[in-house]
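Here the structure is laid out as structure tokens; the discussion comes afterwards.
The values are calculated or read from the model by the stated rules, or taken from the named source; none is laboratory data. Bear in mind that the values here come from a model prediction, so they are computed numbers and not experimental data. Cβ: placed from backbone, ideal geometry, glycine included. Neighbour counts: every protein chain shown. With ligands, DNA and RNA removed, areas are computed over all heavy atoms of the protein, side chains included. Shrake-Rupley method; radii C 1.70, N 1.55, O 1.52, S 1.80 Å.
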Amino acid sequence: MLPRNMAKNKTSVGYKGPYGYQKRRDGEGRSCVRYKCGLTNTIQDVLRQRPGWIEVKETFELPSEYHLFVEEFKRSPGSTWIMKPVARSQGKGIFLFRKLKDITDWKKDGSRSEEQRDETQVESYVAQRYIENPYLISGRKFDLRVYVLVTSYIPLRTWLYRDGFARFSSTRFSLNSIDDHYVHLTNVAVQKTAPDYDPEKGCKWQMQQLRRYLTARHGTKTVEALFKDIDNIFVRSLQSVQKVIINDKHCFELYGYDILLDQDLKPWLIEVNASPSLTASSQEDYEMKCHLLEDTLHIVDMEGRLIGKEKRVGGYDLMWNDGPVYRDVDLETLGSSCLSANTHLGCVNDRKKQLCQLLKPIPGQKRI
Amino acid sequence: MMDEGTELSLTIAQIVQRLKGTNLHSQIERQAKECLHRPEIKLESLKDDVRHFLKASGWEKKLQNAVYRELHVQPPPCHPATPPEHTKEPLAYMRKAQASWEKRILKSLNSMCTELGVPLARKRPAIEQKELTNKWNEMGTDEPDLSRFRPVYAPKDFLEVLISLRNPNHDSSEEASSKSYWGLVQVPLQVRDIPQMREAYSELCLTSGQLGIDDLTHVPPDLFESEHIRIGKKVLSEQDSAAAQQYSRQGCPTGLRADLWSLILNSTNSPEDVLHYNQLKAGVIHHDLLVDKLIYKDVKLTASNDDYYFVFEDYLYQVLLCFSRDTAVLDHFSYNSATPPKSYIQGRVGEEEFAVVYPPNGVIPFHGFSMYVAPLCFLYNEPSKLYAVFREMYVRYFFRLHSISSSASGIVSLCLQFERLLQTHLPQLFYHLREIGAQPLRVAFKWMVRAFSGYLSTDQLLLLWDRVLGYDSLEIVAVLAAAVFAFRAENLMEVTSLASAEAVLADLSTLKVMPLIQIFLFATVI
């Protein structure tokens, strides 16, 4: 009997790779995180009780939350908002707006007759406050794609992958033209169609490169604090949906988190993708994604090689295990009160070596 | 020959001359005047008290750093009757070769100019000036038609010139023997061998801690890294150039590197530096130079296509366009074997009064030039600061990589050293490559001309440049080139053509430079 369900899923096939794995399409709990609205609702609910707990900008589902949205919109006149279709990906259908008249289609109007409503069913969108002061590198905007693996929701057990990347927009950031998709949207899919896109070049930096750049510019302490804030985003966003998701210990979910940094080096959660793209834009990217999938399967551990007490498997670090996970401390520093988290986003990923050590069979040990 | 005492006083006199009238001078004077109001300054011991005050307030240190900087860029001491061109380059045949190379480059530039009908320089009309001002921070978005422009020369053209260099006093007609040199460079310059380098680069030895080796994951930070970082912070707080340079020999921590390098180079980014940069920027706006197109083309061809440097495209224009117009760079020609190219006002060819240096900084960019700047964008993001650091690095080091001279850090010496190291320590490999028509220098030259920029991964490149700054010499670049060949020797022994040798050495992005250098220098059996 296979302890995990495995089935090919077209949207998750990697570049040239044979891998495919099923995210359970059935079960409302799962779609709660995948479709943009689901997580939004849950997070917004939590934020109403605990403001500022997760760094995410005001988000509303339209047309269902139209009136709530308008209230917030009016509170900050002149601000820019971004509209994203709930069920589409890769940047399709996204646009920016500043005036309410741009989104009259999503206006929920009680006066419309039943027939009218059925005929002109608008697609569900999510409106989110646009971050107008993103952190720029050489005038360009970028966002971070980070991979988080959840093997159990109750109790919450989640792993953070060390590699990831920063996606750059190919043009310079400016709020003057919000119609220029190429400036504002950093999805690689959108950038690929930009006129000056050079497919050989790609516009991604590995997470290690970004981390080094930020460290060179701002110093180690600041950058460590930033990555700690990013860790909080992951954990808290998952905690907020813990009670809503259908928990099945035979399932796992690999999420692609999109994070944006603002000028003050504060991270903001943009969205969580339950089906992160596994197609590769370059050789480097392909290798990273292959390794990601390999390590995911190592953690899923169908052959039962792991003991269950590991804090690191390949490129994954155990981030939360029904409580915070700390790095191993040696006896000398035991006295110090400063325990650091077990996450290493953007750090050296010597996964091959680690896997060799980890999966080495110990003579005499019985495996199920 | 001058005796040491005379040499020293001459040096002091020269430095005083150079520092007189600089902003630092006036600032110290002002400080000295203002401190007279202070209670601790007594008339009886005026001189000592003022000196003491300047020391305590950090001004003496600033002066020390400025003097230290001048020592780096001073031409080597020589007899007062020496003509200036001998100071730049003592060997006549080198001077001649450099002069004829320059003639060739200038001819190429002029013919491109005539062919394309583009003037060497022109004033921009007002509309164009305004447009450029608005676009200053995003010049990379411009897509001018550069298809007609070609780089003036590429590194391989320069290599051919170096290969043909001969010392007329050296009899190279002897039969090829085991004592002869197998390499392409056939000039008898003195280069150091491994035993000499072991002494010179003692901080890189196997028993001494290094960043790039002892800061890797499996090494506990208490062993070296934490202490090294602590010392680095102390060096920065003391603001001592010489100490920073010494410190850099063992590598600079990522978080401290930007400040350490600007301390070593004494690049302070004072208000007058910012002013100077803005003046250069104004120069770019007012006039368009032909070399601007060459710079554009170079950036688009090299840095913009690099996986990591493409982000910094705009900064590269902002630095390089200003660099072309900076006449302060002309100072370095007093110790550079090259001479700035001259152009004549239209119709006045040959008349010295109508000669102008072109481009204003005397440096004609070649294919790959922008890669000297690209790695620095990782450290500095304020254009005036980035500019100041780049300019200093150019006038101390990079110029030597594309001019013909007998200097120990010059490209000729580096090529020769690379070949000699290979022949001495990897004779089988060298012989094999030579036999299949794959002379090692043909592959390694492009790495050395760029000081490995664009070939190594950025963090490794910065570790290499830490040592270039630390030892004030580019010699380590030649050592690394040899070490790379040593590392891939096994694969190289199997190749049968130059193309396959190039393929084996095409991707250096996974190399770790410090272990390679350390093993080559300290673990090679002599």
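Some points to look at:
- Shielding by partners - mean other protein chain Cβ count within 10 Å, residues of B:300-311: 4
- Cut-off 12 Å between beta-carbons: net charge of the residues surrounding B:Ile411, Lys and Arg +1, Asp and Glu -1: +2
- Sorted largest first by accessible area at a 1.4 angstrom probe radius, with every protein chain in place, the residues B:Lys233, B:Lys135, A:Lys221 fall in the order A:Lys221, B:Lys233, B:Lys135.
- Think of each Lys and Arg Cβ as +1 and each Asp and Glu Cβ as -1; about the Cα centre, that makes the dipole of the stretch B:213-367 roughly 280 debye.
- Spatially proximal aspartates and glutamates relative to A:Lys221 (Cα-Cα < 14 Å; intrachain offsets below 8 disregarded): A:Asp229
- Note on exposure: B:Lys234, B:Lys342, B:Lys281 ranked by accessible area (1.4 Å probe, complete protein assembly) read B:Lys234, B:Lys342, B:Lys281, with the most exposed listed first.
- Under 17 Å of direct C-alpha separation, and excluding same-chain neighbours fewer than eight residues apart, B:Lys234 reaches these aspartates and glutamates: B:Glu225, B:Asp259.
- The stretch B:42-104: C-alpha gyration tensor shape, a/c 1.5 cut-off, then a/b vs b/c: prolate
- For the stretch B:247-311, the fraction of alpha-carbon pairs in successive 10 Å shells from zero, as %: 16, 23, 40, 19, 1
- Ligands, DNA and RNA left out, the 1.4 Å accessible surface of the stretch B:1-133 is 60% carbon and sulfur atoms.
- Seen from a random direction on average, the alpha-carbon convex hull of the stretch B:413-526 projects onto 6.5 square nanometres.
- Burial here means at least 40 square angstrom less accessible surface with every protein chain in place than with the chain by itself, probed at 1.4 Å; in the stretch B:240-285 the buried residues are B:Thr254, B:Gly255.
- Only Cα pairs under 8 Å and 6+ residues apart enter the sum, and on that basis the relative contact order of the stretch B:4-77 stands at 36 percent.
- Among A:Val235, A:Ala341, A:Tyr135 the positive-end extreme of the charge dipole of the protein assembly as shown (Cβ point charges): A:Val235
- Straight-line cross-link reach from B:Lys47 at under 20 Å between alpha-carbon atoms covers these aspartates and glutamates, not counting any fewer than eight positions away in the same chain: B:Glu29, B:Glu34, B:Glu60.
- Length-normalised contact order for chain B - Cα pairs under 8 Å, 6+ apart - percent: 19
- Cα-based shape type of chain B, given that a ≥ b ≥ c are square roots of the gyration tensor eigenvalues and the cut on a/c is 1.5: rounded
- Accessible surface area normalised per residue over the protein assembly as shown is 47 Å², counting heavy atoms of protein chains with a 1.4 Å rolling probe.
- The relative contact order of the stretch B:300-441 comes to 20 percent, based on Cα pairs under 8 Å that sit 6 or more residues apart.
- Per-q log10 I(q)/I(0), the protein assembly as shown, q = 0.04, 0.11 Å⁻¹ (Debye; single scatterer per alpha-carbon; no solvent): -0.23, -1.43
- Per residue, the Cα convex hull of the stretch B:167-307 amounts to 276 Å³.
- Given charges at Cβ of Lys, Arg, Asp, Glu: the protein assembly as shown dipole, positive-most of B:Cys78, B:Ala501, B:Ala244: B:Ala501
- Per-residue average of Cβ from other chains inside 10 Å of A:208-216: 5
- Heavy-atom accessible area, 1.4 Å probe, ligands and nucleic acids excluded: residues of the stretch A:128-173 down by at least 50 Å² from chain alone: A:Ser138, A:Arg140, A:Arg172
- Divided by 2.2 N^0.38 Å, where N counts the residues, the Cα radius of gyration of the stretch B:4-77 comes to 1.28.
- Buried accessible area, chains A and B (both chains, 1.4 Å probe, Å² to nearest 100): 2200
- When the square roots of the Cα gyration tensor eigenvalues are ordered a ≥ b ≥ c, the ratio a/c for the stretch A:198-265 is 1.5 or more and a/b does not exceed b/c, which makes its shape oblate.
- Relative frequency of Cα-Cα separations exceeding 12 Å in the stretch B:90-132, percent: 71
- Violating pairs (Cα-Cα greater than 29 angstrom) within the set B:Lys130/B:Lys300; A:Lys141/B:Lys123; B:Lys20/B:Lys281; B:Lys20/B:Lys297; A:Lys266/A:Lys353: A:Lys141/B:Lys123; B:Lys20/B:Lys297; A:Lys266/A:Lys353
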